[in-house]
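Reading through the structure tokens given below for one structure.
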Amino acid sequence: MLDLLPDLCDAHPDVVRLFPPIFRQFGGKRIFHGPVVTLRCPEDNSLVREAVAEPGQGRVLLIDGGGLARRALLGDMLAEKAVANGWSGIVVFGYVRDVATLATLDLGVQALGAVPMKTEKRGLGDRDVVVEIDGIRIQPGDYLYADDNGVLVAPHALPLP
């Protein structure tokens, strides 16, 4: 299957919440999905480091970086840790770096773009909170689906076509 989201939108139009078409693919895994773990951590990826060190169990990490473009919230080392610990993917409402390496990893990664500057580690942010991206509210435990067509969430797992 090369296109998951169109099928999910056709089968569940009243259930899915589609993110705005502002995200780009950066990971080596083009289609990914799973239950969401949320982080809100603008310009500080300390919580990202903690989360990807845990067993991912096929979950998707959704990082709300406020859309800020000054610092990358994900790079190659944290992405490699996510792969090693079984995360399905990471969606960043913000920016990533080390994009050539990200493209080689068996991890779904979508973000607004790339910026080479790393974050400062100050231990700031919140985990397992409701985040909002362009009017779309995402709760911890929602199911996120992503492919080359975009990103969407549902309140529960949807049957895959």
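The values are calculated or read from the model by the stated rules, or taken from the named source; none is laboratory data. Since the structure is predicted, the reported quantities are computational estimates derived from the model, not experimental observations. Using ideal geometry, Cβ is built from the backbone for each residue, glycine included, and neighbour counts are taken over all protein chains shown.
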Legend entry - Members of the stretch 51-66 found to be farther than 10 Å from LYS81 by Cα and among the charged types (D, E, K, R), listed by number: ARG59, ASP64
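Let me confirm something: among VAL99, VAL91, which residue is touching a residue at least 60 places away in the same chain (Cβ under 8 Å) and either touching a Ser or Thr at 6+ places or on another chain (Cβ under 6 Å) or under 27 Å from ARG137 (Cβ atoms) (or both)?
VAL91
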Legend entry - Lone unmet requirement of (1) under 16 Å from the mean Cα position of the chain (by Cα); (2) buried (at least 16 other Cβ atoms within 10 Å of the Cβ) for PRO21: (2)
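So which of GLY27, GLY89, GLY58 is within 13 Å of the chain's Cα centre (by Cα), within 16 Å of ILE133 (Cβ to Cβ) and modelled with pLDDT of 95 or more?
Result of the check over GLY27, GLY89, GLY58: GLY89.
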Legend entry - Subset of the stretch 50-62 that is outside any loop (DSSP other than H, G, I, E, B), of a type outside the set (Gly, Ala, Ser) and out of contact with any helix residue (DSSP H, G or I) (no Cβ under 6 Å at 6 or more places or on another chain) - its residue that is surrounded by the fewest Cβ atoms within 10 Å (Cβ to Cβ): GLU50
Inset, instruction - State which residue pairs qualify: first residue modelled with pLDDT of 95 or more and inside the stretch 33-47, second residue assigned to a strand (DSSP E or B) and among the aromatic types (Phe, Trp, Tyr) in any location, beta carbons under 9 Å apart, and separation of 6 or more residues or different chains. - result: HIS33/TYR143; HIS33/TYR145; GLY34/TYR143; GLY34/TYR145; PRO35/TYR143; VAL36/TYR143
Legend entry - Unmet criterion (only one of (1) of a type outside the set (Val, Ile, Thr); (2) assigned to a loop (DSSP other than H, G, I, E, B); (3) surrounded by fewer than 16 Cβ atoms within 10 Å (Cβ to Cβ)) for GLY27: (3)
Inset, instruction - Go through the stretch 31-45 and give me each residue that's part of a loop (DSSP other than H, G, I, E, B) and either touching a strand residue (DSSP E or B) at 6+ places or on another chain (Cβ under 7 Å) or of a type in the set (Val, Ile, Thr) (or both). - result: ILE31, CYS41, ASN45
Legend entry - Verdict on ASP98 being surrounded by 14 or more Cβ atoms within 10 Å (Cβ to Cβ), among the acidic types (Asp, Glu), touching a helix residue (DSSP H, G or I) at 6+ places or on another chain (Cβ under 7 Å) and over 17 Å from PRO42 (Cα atoms): yes
Inset, instruction - Have a look at LEU144, LEU78, LEU112 and point out the one that is touching a Leu at 6+ places or on another chain (Cβ under 8 Å) and either part of a loop (DSSP other than H, G, I, E, B) or not β-branched (Val, Ile, Thr) (or both). - result: LEU144
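Looking only at residues that are polar (S, T, N, Q) and buried (at least 17 other Cβ atoms within 10 Å of the Cβ) in the stretch 106-161, which one is nearest to PRO35 (Cα to Cα)?
In this case the residue turns out to be GLN110.
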